[in-house]
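Here is the structure we will look at.
The values are calculated or read from the model by the stated rules, or taken from the named source; none is laboratory data. Predicted model only: the values in this text are computed from it and were never measured. Glycine also receives a Cβ, built like all others from the backbone with ideal geometry; neighbour counts cover every protein chain displayed.
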Amino acid sequence: MARYEFPLQERTRNLLRLESVFAGLDDTPDPRNLRSHLRAFLELLDFCQRPELRLDLILELERLLQTLQLWAKSPEADHAALTHWQEECRGQLQQLREMPRALGESLRHQEILQLARGRMAVAGGLADCDIPLLALWQQQSPELIAERLQRWRAELIVLERSVALILAFLRESQAWSLERSRSGRFALPLNPRQPMVLATVVVEDDGSGAYPKLSGGAHRLHVQFLQWLDPGPSRALESDLSFRLGLSAC
């Protein structure tokens with residue numbers, strides 16, 4: 001099965017982008033991947049430089065808590081699961097509010113990151129010959145390099161866990177349905193009073209190379225399936241296709 005996620009609001013898009021960058025960092029960093037780690041940390045610092053990021057995460061967690069409180073009033077609610085989510089959200093909120101400094105503040109003073117940033121726009125700019133400090137790093141012991149990279153990641157652990165918690169909640173709360181596109185197209189009316197924030201399309205991986213492209217707004221959701229060709233551009237799928245659709249309005 002092939003799974004595709006589509007943000008329906010900008011804040012969800014930013015969360016998915018952050019998650020994708022964190023996914024590029026190894027839990028046990030390999031010194032051979034040092035350059036890819038430098039790129040990932042620079043992207044994360046770009047996010048952290050947005051003054052609204054921390055506030056957006058706080059507001060998002062507060063919004064999830066309000067949703068959980070509403071769900072708790074239902075007699076059919078799983079109160080054990082709701083209590084777990086409430087405790088997780090409150091704990092993460094407290095960490096965000098009590099942070100002594102801005103997200104990623106200490107990483108902004110890492111010289112190797114600043115040198116790498118200045119060379120990112122140059123093809124092959126992260127070569128040892130252009131950044132002697134990088135060459136020095138590369139000749140340190142693998143254990144020392146891994147320890148440094150793990151320490152850097154620890155500086156962003158509150159951000160990483162906040163993003164993971166919010167996205168996990170959105171995915172867990174999705175309502176699923178079995179749908180079918182006609183000639184590769186599908187449209188679904190939406191309730192503007194209950195805005196959707198995340199859509200997931202799951203397609204049987206049948207080797208056809210079909211993948212979905214999603215668009216829409218507050219009133220309607222559109223899915224068009226395209227077929228990947230090699231070589232050449234993708235083309236519109238002309239046959240019917242069944243798929244599963246998950247929507248989250250949290």
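Take the stretch 63-81 and flag every residue that is surrounded by 13 or more Cβ atoms within 10 Å (Cβ to Cβ) and either modelled with pLDDT of 90 or more or not assigned by TED's automatic domain parsing to the domain that holds PHE22 (or both).
Answer for the stretch 63-81, where residues must be surrounded by 13 or more Cβ atoms within 10 Å (Cβ to Cβ) and either modelled with pLDDT of 90 or more or not assigned by TED's automatic domain parsing to the domain that holds PHE22 (or both): ARG63, LEU64, LEU65, THR67, LEU68.
Within the stretch 228-244, can you find the residues that are under 27 Å from the mean Cα position of the chain (by Cα) and either within 16 Å of ARG180 (Cα to Cα) or charged (D, E, K, R) (or both)?
Answer for the stretch 228-244, where residues must be under 27 Å from the mean Cα position of the chain (by Cα) and either within 16 Å of ARG180 (Cα to Cα) or charged (D, E, K, R) (or both): SER242, PHE243, ARG244.
Please pick out the residue among GLY118, GLY125 that is of a type outside the set (A, V, I, L, M, F, W, C) and touching a Lys or Arg at 6+ places or on another chain (Cβ under 7 Å).
Selected residue: GLY125, the only one of GLY118, GLY125 that is of a type outside the set (A, V, I, L, M, F, W, C) and touching a Lys or Arg at 6+ places or on another chain (Cβ under 7 Å).
Can you tell which of GLY125, GLY104 is within 24 Å of ASP26 (Cα to Cα), outside any helix (DSSP H, G or I) and at pLDDT 90 or above?
The match here is GLY104.
Among the residues of the stretch 144-161, is any on the phi < 0 side of the Ramachandran plot, surrounded by 14 or more Cβ atoms within 10 Å (Cβ to Cβ), touching a Cys at 6+ places or on another chain (Cβ under 8 Å) and in contact (Cβ under 8 Å) with a residue 60 or more places away in the chain?
Yes, the stretch 144-161 has at least one match.
Which condition does ALA77 not pass, out of (1) farther than 30 Å from LEU134 by Cβ; (2) in contact with a helix residue (DSSP H, G or I) (Cβ under 8 Å, 6 or more places away or on another chain); (3) in a helix (DSSP H, G or I), if it passes all the others?
(3)
Quick check on the stretch 1-25: of everything there that is surrounded by fewer than 16 Cβ atoms within 10 Å (Cβ to Cβ) and free of Cβ contacts under 8 Å to residues at least 40 places away in the same chain, which residue is farthest from ARG153 (Cα to Cα)?
Among them, the one singled out is GLU10.
What residue, of SER234, SER215, SER208, SER183, is on the phi > 0 side of the Ramachandran plot and of a type in the set (S, T, N, Q)?
Step by step, each of SER234, SER215, SER208, SER183 is checked, and only SER183 is on the phi > 0 side of the Ramachandran plot and of a type in the set (S, T, N, Q).
Select, from ALA135, ALA123, the only residue that is exposed (fewer than 13 other Cβ atoms within 10 Å of the Cβ), touching an Asp or Glu at 6+ places or on another chain (Cβ under 7 Å), without any contact (Cβ under 8 Å) to a residue 12 or more places away in the chain and not hydroxyl-bearing (Ser, Thr, Tyr).
The conditions single out ALA135.
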